[in-house]
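The next block holds one structure in the form of structure tokens; read it before the comments.
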Amino acid sequence: MTEAASRLPVSRLGGPEVRAISRIDIGLRRRYAAERRFRAYGLAAVTIALCFLLALFGSIVGKGYTAFQQTRIAMMVDFDASIIAPDGDRSPAAVLSGNAFRFDDLIAASLQKTLELDPDDEDGLYDGLDLLSKGSAPMLRSMIAKDPSLIGTKRSVDFYATGDVDSFVKGTIRADIPESQRLIKDKHIALIDKLEKDGALHLAFNTGLFTNGASTRPEMAGVGVALVGSLYMMLVVLVLSLPLGVAGSIYLEEFAPKNRWTDLIEVNINNLAAVPSIVYGLLGLAVFINFAHLPRSASLVGGLVLTLTTLPTIIIATRAALKAVPPSIREAGLGVGASKMQTVFHHVLPLAMPGVLTGTIIGLAHALGETAPLLMIGMKAFIVEYPTTPLDPATALPTQIYMWATEPERAFTERTSAAIIVLLAFLLAMNSLAIILRRAFERRW
Amino acid sequence: MKFSTAASAIVLGLSATGTAALAAEQIHIAGSSTVLPYATIVAEAFAEANPNFKAPIVEGGGTGAGLKEFCKGVGDDTIDIADASRPIKAEELDACKAAGVTEVQEIRIGYDGIVFASDIKGPDFAYEPADWFNAIGAQVLKDGQLVDNPNAKWSDVKAGFPDWDIAAYIPGEKHGTREVFELNVLLAGCKATKAYDAFIASGLAKADAEKACAKVRKDGKAVDIDGEYNETLARIDSNKTGIGVFGLAFYENNKDKLKVATMSGISPSVETIAKGEYPVSRPLFFYVKKAHLGVVPGLKDYVEFFLADQMIGPRSPSVAKGLVPAPKSEREQVLADFQAGKTL
């Protein structure tokens with residue numbers, strides 16, 4: 001003790017101790033530098049990732065935001081009873097049958113009035129009709145069938161402009177290229193300018209994008225059928241994979257004996273989580289369609305296949321959540337005389353619920369974006385009508401994106417990006433819900 | 001455990017309702033992605049004109065995949081129509097017959113033209129099939145000898161072509177277009193350059209010589225595009241000296257980005273293809289299961305609707321989308337054959 005005390009002043013004056021301290025200093029500096037470098041690498045990695053993400057979002061939103069607006073042409077339509085119901089029968093069935101061209105006549109008449117055309121100017125009429133969607137007459141027809149009281153009245157109707165006119169108004173088809181290479185000719189541009197000046201041609205929110213089914217005309221195409229199909233599939237996945245996955249993992253985690261068989265099952269579950277989803281698609285095609293004879297393109301089959309792909313994810317997440325519940329809870333439960341099942345269902349599972357829900361929602365979000373297995377079971381199809389049950393043919397959001405991406409028209413290009421935005425919005429909402437649920441139910445010990 | 005029993009009961013219940021609700025209510029179509037746009041146009045118009053039938057479901061997937069699905073058998077869970085961008089092969093028809101699809105009706109709907117196009121700002125091209133064979137053939141004739149293709153630039157192929165590195169984006173081997181490309185461009189060019197004779201002289205049998213002619217160089221100058229034409233367009237966007245192979249319809253929609261080349265002096269257009277002047281074109285088909293005609297509601301009406309002038313005639317929306325219409329007499333013959341119940 002005294003020896004050490006007497007040495008201290010010596011070391012202050014410089015001696016072997018000083019050298020030792022400075023050696024520690026050198027080491028410190030190097031370690032600090034290493035840490036700073038590591039931080040810089042980490043920051044750089046995150047920045048690069050963010051830049052890519054921004055570029056991706058930027059390009060998608062930049063290409064897609066225009067699709068949420070659509071060019072419409074408002075025209076006064078005279079719902080002439082003598083044309084629509086020549087025999088006086090105004091029932092929807094009568095409207096839907098009979099000469100289909102009578103609705104084209106209605107549109108032609110109102111276009112003539114809107115453009116103030118001479119009745120004999122047929123070329124002018126056809127040039128004007130070029131601007132209107134070819135689906136206008138069927139649209140008018142179903143509108144009257146839905147509301148026969150329109151017959152005999154006069155009302156302004158918003159017609160869709162064709163996809164090419166829409167692209168032109170939005171500037172994706174440019175006016176400064178030679179006319180022969182342009183899809184919109186000079187005569188059409190003159191008409192567009194005139195209609196725009198009169199206020200008939202205007203941009204409106206594109207509700208059809210969310211409500212319409214597939215169409216070959218970009219202006220009438222929407223993700224409606226795909227949304228419903230995806231919704232049905234998510235329902236099937238939720239109904240099947242949540243109880244199956246949770247029950248399976250509770251058994252494996254809390255009740256199953258630890259032996260070679262359960263080890264094998266555990267290894268298999270982890271392996272299944274890593275199997276490429278296309279394999280599940282092939283399995284679904286072989287088992288659900290070819291063997292069980294379920295209908296092709298049905299969202300039930302899609303849901304079953306996606307259940308298979310999400311089950312491993314849910315089981316792994318649930319088991320991790322159950323493992324995270326401290327053993328003291330189980331011991332206390334058993335200690336006061338609860339049975340094993342009571343302990344698990346009254347104490348362990350409620351505490352593990354935030355983890356289970358998070359795992360399930362992330363599994364669902366994953367399933368929502370899954371494309372490959374759906375291609376195999378016919379969910380990449382041209383489907384116009386809404387599915388009423390999960391057994392009816394439907395598409396899904398990602399397959400709809402895939403199909404639009406292959407269309408040549410400009411208006412489909414922007415719709416592809418718009419559909420991606422819709423899908424991303426759903427994924428974002430689901431992931432936020434997972435975070436909120438976790439925050440709300442989180443318990444700390 | 002209770003949960004999993006309940007869940008499996010749900011699965012069984014759902015499968016049971018599935019089998020019960022299986023009566024085919026609507027037409028199901030799958031096949032060639034070239035025919036897909038026309039099939040969807042007709043399906044949409046058919047649904048609009050016949051509100052009492054459900055709209056047909058149209059899938060793409062390719063000619064081969066469509067015919068495979070078609071030939072699985074007869075019944076509610078099989079497709080009714082297969083779209084095809086080439087005639088059905090004998091072995092496919094045999095597979096069909098073995099699976100019980102004994103009566104297949106062939107419907108020819110029109111033609112498809114394949115165009116060669118480059119970036120709009122580049123020079124004009126006028127090709128002969130021989131130029132393409134010399135540019136992308138695996139083995140070509142050089143000074144009377146068969147050698148591995150030495151041409152690196154278009155100017156090596158023919159004087160007058162620009163000094164561009166050869167970069168050709170051609171349809172991949174699973175594309176229906178590939179066969180027409182091989183037959184009407186590569187093989188024709190092979191024969192024109194006498195390379196075919198050289199292959200025969202080197203001891204190859206006729207069929208093997210034809211195969212050797214259709215072989216494409218593998219050194220990266222010819223790139224197979226297995227996806228859609230959009231991908232080919234993206235390649236040309238990024239490599240302005242690339243030449244791509246497109247469908248006529250796709251080119252018509254992207255005239256502001258692409259410049260089309262002539263083949264054997266003929267510019268591709270609906271007129272030149274319909275007249276048979278433009279050399280690179282092919283017929284398009286769909287195949288119908290005769291056994292389904294009375295069973296699936298609207299199937300017969302759909303086929304007849306498809307063959308109407310309003311759908312595939314010269315002024316129809318299909319033609320606006322790029323289909324090359326068949327002459328009127330041919331269309332009438334196809335309709336008459338269908339109505340007479342002619343099978344393959």
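Numbers for the structure displayed
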item: Assigned charges on the beta-carbon of Lys, Arg, Asp, Glu; chain B dipole about Cα centre (debye); result: 240
item: Cα→Cβ-extended label distance, 7 Å offset, between A:ARG29 and B:SER329, nm; result: 9.8
item: Beta bridges per DSSP with both ends in the protein assembly as shown, % antiparallel, nearest 5; result: 75
item: Where trypsin sites (Lys or Arg not before Pro) fall in DSSP loop in the stretch A:380-445, at most 12 other Cβ within 10 Å; result: A:ARG443, A:ARG444
item: Virtual spin-label span in nm between A:GLU385 and B:SER264, 7 Å along Cα→Cβ; result: 4.7
item: Cα long-axis angle, helix A:224-250 against chain A (0 to 90 degrees, to the nearest 10); result: 30
item: Peptide-level mean, for A:373-385, of C-beta atoms on other protein chains within 10 Å; result: 5
item: Computed over chain A, Cα set: Rg, Dmax in Å; result: 32.9, 124
item: Chain B: relative contact order as a whole-number percent, Cα under 8 Å and 6+ apart; result: 26
item: For the protein assembly as shown, calculated [θ]222 nm from helices alone, where every DSSP H run of n ≥ 4 adds -39500 (n - 2.57); result: -16500 deg cm²/dmol
item: Trypsin sites (Lys or Arg not before Pro) within the stretch A:232-324: DSSP coil, no more than 14 neighbouring Cβ in 10 Å; result: A:LYS258
item: Dipole-positive endmost among B:VAL115, B:ILE225, B:ALA214 within the stretch B:113-281 (Cβ charges, Cα centre); result: B:ALA214
item: Net charge of neighbours whose Cβ lies under 9 Å from the Cβ of B:GLY313, counting Lys and Arg as +1 and Asp and Glu as -1; result: +2
item: Calculated log₁₀ intensity ratio I(q)/I(0) where the Debye formula runs over C-alpha points of chain B, q = 0.07, 0.14 Å⁻¹; result: -0.36, -1.11
item: C-alpha long axis of helix A:186-198 to longest principal axis of chain A, angle in °; result: 80
item: Normalised per residue, the volume of the convex hull around the Cα set of the protein assembly as shown (Å³); result: 302
item: Cα Rg over Rh - the stretch A:359-445, Kirkwood; result: 1.09
item: Partners for B:LYS257 among aspartates and glutamates (Cα-Cα distance below 15 Å; same-chain residues under 8 apart left out); result: A:ASP176, A:GLU179, A:GLU409, B:ASP119, B:ASP124, B:GLU231, B:ASP237
item: The stretch B:113-281 - Kirkwood radius from inverse mean 1/r over Cα pairs (Å); result: 16.0
item: FRET efficiency, A:VAL287 to A:SER432 (Cβ-Cβ, R0 41 Å, nearest 0.05); result: 0.70
item: B:ILE200/A:PHE57 FRET efficiency (R0 60 Å; Cβ-Cβ; nearest 0.05); result: 0.50
item: Nitroxide proxy distance, nm - points 7 Å out along Cα→Cβ at A:ARG443 and B:LYS257; result: 5.8
item: Protection-proxy order for peptides A:161-173, A:92-104, each taking the mean of Cβ atoms within 10 Å per residue, highest first; result: A:161-173, A:92-104
item: Under the span-like rule (Cα at least 18 Å along the axis, Kyte-Doolittle mean at least -1.0), DSSP H helices of chain B; result: B:2-20, B:36-49
item: Magnitude of the charge dipole, the stretch B:113-281, Cβ model with Lys/Arg +1 and Asp/Glu -1, debye to 20; result: 160
item: For B:ALA222, residues with placed amide H under 5 Å, excluding near neighbours; result: B:ALA168
item: Pairwise centroid distance, computed over Cα atoms, of the stretch A:392-445 with the stretch A:337-362, Å; result: 30
item: Partner lysines for B:LYS221 [C-alpha distance under 20 Å; skip if fewer than 8 residues away on the same chain]; result: B:LYS142, B:LYS153, B:LYS158, B:LYS174, B:LYS211, B:LYS240
item: Backbone N within the stretch B:100-137 under 11 Å of label point (7 Å from B:ALA159 Cα along the Cβ vector); result: none
item: FRET efficiency, 1/(1 + (r/R0)^6) with R0 51 Å, evaluated for A:ALA81 and A:ALA320 via beta carbons; result: 0.15
item: Principal-axis tilt of helix A:16-64 within chain A, Cα atoms, nearest 10 degrees; result: 10
item: Low-density loop positions, trypsin sites (Lys or Arg not before Pro), the stretch B:157-230 - DSSP coil, at most 11 other Cβ in 10 Å; result: B:LYS218
item: Of A:ILE383, A:ILE265, A:ILE144, the one that fluctuates the most in a GNM where chain A has Cα springs shorter than 10 Å; result: A:ILE265
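Every read-out reported here was derived from the displayed coordinates using simple, explicitly stated rules and does not represent laboratory data. Owing to the predicted nature of the structure, the values given are computational and were not obtained by experimental measurement. Note: ideal-geometry Cβ built from the backbone for every residue, glycine included; neighbour counts use all protein chains shown.
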